[in-house]
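What follows is a single structure, written as structure tokens, with notes after it.
Read-outs: derived from the displayed coordinates by stated rules, not from any lab. Just so it is clear, the model here is predicted, and its values are computed rather than measured. Counting neighbours? That spans all protein chains shown, and the Cβs are built from the backbone with ideal geometry, glycine included.
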Amino acid sequence: MVIMCIAIPVKILKIIDNYATASFEKSKTALVDISLLDVKVGDYVIVNNGYGIRIVDEEEAKETFEIWEQIQEMYKMRDEIIEPDEGEVFDIELDENILQRNRDLANENDSRLRKSGVKSFDIMGSIGSGKTTLLERLVTQLKDKYKIFVLGGDITTTIDVDRIAKHGVNTLQINTGKECHLDANLIKKALNRINLNEIQLLFIENVGNLICPGEFPLGADRRIVVVSVTEGPYMIIKHPYIFGTADTVVINKIDLAKIMQVDPEKLRADVHKINPHSKVVFTNAREGVGIETVIEALKL
């Protein structure tokens, strides 16, 4: 199961075999491949790259189109600063309305999860830090004690959630297309597909990135940041924002610390300079070292 975030809703106008013409952006029309959907004229369909992904109601179509418009405005802003004049510095802030809307949706997700008695964890970290390996270890040790569901965020593919699903837990893939992070709206849509009364723990593996995910809370109880010593001695002090939001920081691949000439204790100190309240755990997730300590830090 895949949710696409760079997508747009359209209204089906006319059907010809496996294709349909559909209204797009008021007066514009688009040709949509509907071969995988059972649609009729008047239905609203979410489309990505010309393919109909799923049928939605009018309310969700309107909401999704508003978000799509905001994303396009963000891209226009980026286009404006691709080639600045020599010597100029541009400092363009992300629209506060977008951030506030995300926070509002995150609060809704948080309330919904709490009412269902679900403990939730947003796992962030750079590409290759060991997030998926850590998750594999966690679900293996916790699946007999808790009913677990895992949401996996990535630009594309289901590679990581496929790895986790092999351990006997339910998963759902969220593919973000061009975006470098998950957001609360995507999590809201994912929660709509899950029977929250049937799970106790929800793990969300965010897109690999130490920058963007920090500004977009998802509504999880706790935020975990995973880094590895292979990222060098300065990865923490170079990314203070995300570590300032972390309840737990996992410093992974400590078996390679000597080879990389990185002092794990210095990394711990860097975390506590930014966030004195964050719990720091050393792991070698591939070998299972430190996993019990992570579980204790998460109070599981």
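With neighbour counts taken as other beta-carbon atoms within 10 Å, the residues MET124, MET260 rank, fewest first, as MET260, MET124. Under 17 Å of direct C-alpha separation, and excluding same-chain neighbours fewer than eight residues apart, LYS258 reaches these lysines: LYS266.
If you average 1/r across every pair of different Cα atoms in the stretch 155-269 and take the reciprocal, what Kirkwood value do you get, in Å?
Details: mean 1/r = 0.0626 Å⁻¹.
Every distinct Cα pair counted, the radius reaches 16.0 Å.
For LYS178, the lysines whose Cα comes closer than 25 Å to its Cα, not counting residues fewer than 8 places off in the same chain, are LYS11, LYS26, LYS28, LYS62, LYS76, LYS131, LYS188, LYS189, LYS238. For the pair MET260 and ILE211, a Förster radius of 25 Å applied to the C-beta separation gives a FRET efficiency near 0.70, rounded to the nearest 0.05. Site pair LEU300 and ILE16 shows an inter-label distance of 5.2 nm when each label is modelled 7 Å from Cα along Cα→Cβ. Selection among LEU202, VAL280, THR158 by position relative to the dipole of the stretch 108-297 gives LEU202 as farthest towards the positive end (Cβ unit charges, Cα centre).
Over the stretch 209-300, the pair-distance histogram of Cα-Cα distances with 10 Å bins from zero comes to 17, 51, 30, 2 percent, rounded to whole numbers.
Legend: ranking of residues SER228, SER116 from fewest to most surrounding C-beta atoms inside 10 Å; resulting order SER116, SER228.
The length gained on full extension between ASP33 and THR156, counted as 0.36 nm times the residue separation minus their Cα-Cα distance, comes to 42.3 nm. DSSP finds beta bridges in the stretch 200-297, and of those with both partners inside it, around 10 percent are antiparallel. Centre-to-centre, using Cα atoms only, the stretch 102-162 and the stretch 32-46 are separated by 31 Å. For the stretch 114-146, backbone nitrogen atoms closer than 18 Å to the point 7 Å from HIS277 Cα along Cα-to-C-beta are found at 120-122.
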